[in-house]
Each structure stands twice: as structure tokens, then as C-alpha cells.
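All remarks here apply to the structure that follows.
Any read-out appearing in this document is the output of simple, stated calculations on the displayed coordinates, not a laboratory observation. Keep in mind that this is a model prediction, so the values were computed, not measured. Don't worry about glycine lacking a Cβ; one is built from the backbone with ideal geometry, like all the others, and counts go over all protein chains shown.
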Amino acid sequence: MSKVIETIKQVAREENININFSNPQTSLKDLKIDSLAAMNLIMKIEEKLQVTLADEKLLEIKTLDDLIHAFEEK
């Protein structure tokens with residue numbers, strides 16, 4: 001399992017967000033992650049991975065798969 005996925009899982013646990021990785025095409029909205037929770041999640045992942053995503057990239061994150069790939073590309 002990649003460091004990105006492990007970090008997402010860790011942050012999700014810390015934030016009490018239930019993320020099911022069985023279907024990476026699931027939208028964040030379907031995972032009950034609203035825009036504020038998504039930004040909080042992303043900021044904490046950025047902090048742990050010591051990277052910063054470009055604003056344009058943030059706007060493209062709609063699914064769990066998008067989230068994973070955005071960080072893997074960094």
C-alpha cells in the first residue's frame with residue numbers, strides 16, 4: 001500500500017471520517033465529506049506528507065481516486 005493511502009487512512013481516522021477504499025471512484029460527497037471537511041482533510045494530508053497541492057489541483061478533487069492521485073503526483 002502506498003504512503004499516500006496510508007496517510008489518508010491515518011488522517012481520516014484522526015478526524016473520525018469513515019473512508020471505504022474498496023471503491024476509489026466513490027465521490028467525496030457520497031462519503032459524507034463536505035467541502036469544509038475535504039479541505040481540512042487535504043490540509044492535514046499535505047502537512048503529514050510535507051507537500052502542497054496547487055489550487056487548480058484542489059478544484060479537480062471530486063472522488064477518493066482523485067484525492068489519491070493528486071498526492072501521488074506530488
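The label point for Thr26 and the one for Asp65, both projected 7 Å from the Cα toward the Cβ, are 1.5 nm apart.
Centroid-to-centroid, using Cα positions, the range 59-74 and the range 2-54 are 9 Å apart. With both labels modelled 7 Å from their Cα along Cα-to-Cβ, the Ser2 to Leu49 distance reads 0.7 nm.
Taking Rh as the Kirkwood radius computed over C-alpha pairs, what is the Stokes-Einstein D of the range 3-72 at 37 °C in a medium of viscosity 0.692 mPa s, expressed in µm² per second? Don't skip to the answer; put the middle values down first.
Working: Rh = 11.9 Å.
This corresponds to a translational diffusion coefficient of 276 µm²/s.
Within the set of other residues whose C-beta is less than 14 Å from the C-beta of Thr7, count the net charge using Lys and Arg as +1 and Asp and Glu as -1. Walk me through the intermediate numbers first.
Details: positive: Lys3, Lys9, Arg13, Lys44, Lys48, Lys74; negative: Glu6, Glu14, Glu15, Glu46, Glu47, Glu72.
It works out to a net charge of 0.
For n ≥ 4 DSSP H runs only, could you compute -39500 (n - 2.57) per run for the chain, divide by its residues and tell me the 222 nm figure to the nearest 500? So the calculated ellipticity at 222 nm is -17000 deg cm²/dmol.
Once backbone amide H atoms are built at 1.01 Å from N, Thr63 has Leu28 as its partners under 5 Å, excluding neighbours fewer than 5 places away on the same chain.
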